[in-house]
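Asker: Structure provided below as structure tokens; questions to follow.
The values are calculated or read from the model by the stated rules, or taken from the named source; none is laboratory data. Just so you know, these numbers come straight off a predicted model, no measurement behind them. We place every Cβ from the backbone using ideal geometry, glycine too, and count neighbours over all the protein chains shown. Note: areas computed on protein heavy atoms with side chains; ligands, DNA, RNA excluded. Shrake-Rupley method; radii C 1.70, N 1.55, O 1.52, S 1.80 Å.
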Amino acid sequence: MASSSDAAKPVRGFLPPQNDAEHRLMRRVEELCNLARSREIPRYTGFLSDREQVLAQAAANRAGCDCIRFWGGYPGAERQVLCIEPPEAWQQDPVACLRITAHLAAGQAAPQHRDLLGAVLGLGIERVCLGDIRPDPDAPGTSYLFLMEDKVEFVAANLFEAGRTRVSAEPCDTPPETVLAEPEREIRQGTVSSLRADSVLGAMLHISRGQAAALISEGRVEVGHVPLRSAHEPVFEGDLFTVRGKGRFRLCEVGGKSRSDRTFIRFFQY
């Protein structure tokens, strides 16, 4: 993977598109930018992952378009829509919110993220139309789904079940602040012999470098939504690791060296 560095600390550089889907995304963003500016009308993508947001930003830069913003319905959203809004164009909010309430029997467990996502996808809604799903920490069984504004009425009228639980959905203007607050993460720390992918992944999963390398060679590890090709690849502060069957981890800090010349790292699991 590509990288760049400054005098203080190495950082990950821009990684060009890796497949046809990523090339198509960048071409589509350039087309939308050119259309929005030539006609002075706003244009919007669907929800983008953080990797897709990087590619969309690069495509907008290549098109010379600076009238853009990313928005997922609330500050800090993980999945966000690219909004291309020329100065003289009208602007609209492409993202809306649904409150989903599970009607739980005594002792029944609330639907989880995968249940809610699967239920909405089962209605025929494409993934690109759906943003984050945030549970309400103060109301078990209640979650808030961010989605494209033009899908709200359909989902609200047709979503009746998630998993094996009866649910109802209704539009919501403003979720409670506790729903949108970033959850507290348990920050873990460790030391690694180097900032190679297998070394850092081994520390995160408490496994050997050999076991970590096997996960990588099996194609089970992505960094920034891009498959790792080699256990020897360098990783950087801020990287997001997705390990199939294990979860997602963020390398949130790379520190100094120990007396034994090992590097301190801090990370958390989502």
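Asker: Suppose only helical runs count, i.e. DSSP H with n ≥ 4. What mean residue ellipticity at 222 nm does that imply for the chain under -39500 (n - 2.57) per run, divided by all residues and rounded to the nearest 500 deg cm²/dmol? Mind dumping the intermediate values first?
Answerer: Numbers: 7 runs with 71 residues, N = 270.
Estimated from H runs of four or more residues: -8000 deg cm²/dmol.
Asker: Which value does Rg/Rh take for the chain over its C-alpha atoms, Rh per Kirkwood?
Answerer: With Rh from the inverse mean 1/r over Cα pairs, Rg/Rh is 1.00.
Asker: In debye, nearest 20, what is the charge dipole magnitude of the range 100-176 about its Cα centre with +1 on Lys and Arg Cβ and -1 on Asp and Glu Cβ, if you could check?
Answerer: Working: 6 positive and 11 negative charges, 75 e Å.
With Lys and Arg at +1 and Asp and Glu at -1, about 360 debye.
Asker: Let me ask another. Tell me the per residue accessible area of the chain using a 1.4 Å probe; a whole number in Å² is fine. The partial results should precede the final answer.
Answerer: On the way: 14410 Å² over 270 residues.
So the chain comes to 53 Å² accessible per residue, rounded to a whole number.
Asker: Related question: Go through F267, F70 and list them by solvent-accessible area, largest first, probe radius 1.4 Å.
Answerer: Numbers: F267 0, F70 55 Å².
Descending order: F70, F267.
Asker: Moving on to the next point. So how far, in whole Å, is the C-alpha centre of the range 177-196 from the one of the range 210-270?
Answerer: 13
Asker: Give me the net charge of P176's neighbourhood, meaning all other residues with Cβ under 11 Å from the Cβ of P176; Lys, Arg count +1, Asp, Glu -1.
Answerer: On the way: positive: R99, R134; negative: D136, D138, E177.
Net charge in that neighbourhood comes out at -1.
Asker: So what does R166 come to for accessible area, using a 1.4 Å probe and Å² rounded to 10?
Answerer: Looks like 150 Å² after rounding.
Asker: Taking the Cα centre of the chain as origin, sum charge times position over the Cβ atoms of Lys and Arg (+1) and Asp and Glu (-1), and report the length of that vector in debye to the nearest 20. Could you put the intermediate results ahead of the total?
Answerer: Values: 33 positive and 36 negative charges, 240 e Å.
Taking the Cα centre of the chain as origin, the dipole is about 1160 debye.
Asker: Next question. If each residue of separation counts as 0.36 nm, what is the full-extension length gain between R248 and A139 once their alpha-carbon separation is subtracted? It would help to have the intermediate numbers written out before the result.
Answerer: On the way: separation 109, 0.36 × 109 = 39.24 nm, distance 2.55 nm.
Result for the pair: 36.7 nm of gain on full extension.
Asker: Please work out the C-alpha center-to-center distance from the range 27-45 to the range 59-74 and express it in whole Å.
Answerer: Between the Cα centre of the range 27-45 and that of the range 59-74, the gap is 10 Å.
Asker: For R27, R248, what's the largest-to-smallest order of accessible area, 1.4 Å probe?
Answerer: Sorted by accessible area, descending: R27, R248.
Asker: Expressed in nm to one decimal, what extension gain is obtained for the pair V128 and R262 from 0.36 nm per residue of sequence separation less their Cα-Cα distance?
Answerer: Details: separation 134, 0.36 × 134 = 48.24 nm, distance 4.19 nm.
Fully extending the segment from V128 to R262 adds 44.0 nm.
Asker: When the chain is modelled as a GNM with alpha-carbon springs shorter than 10 Å, which of S143, S49, S208 fluctuates the most?
Answerer: Highest fluctuation among the options: S208.
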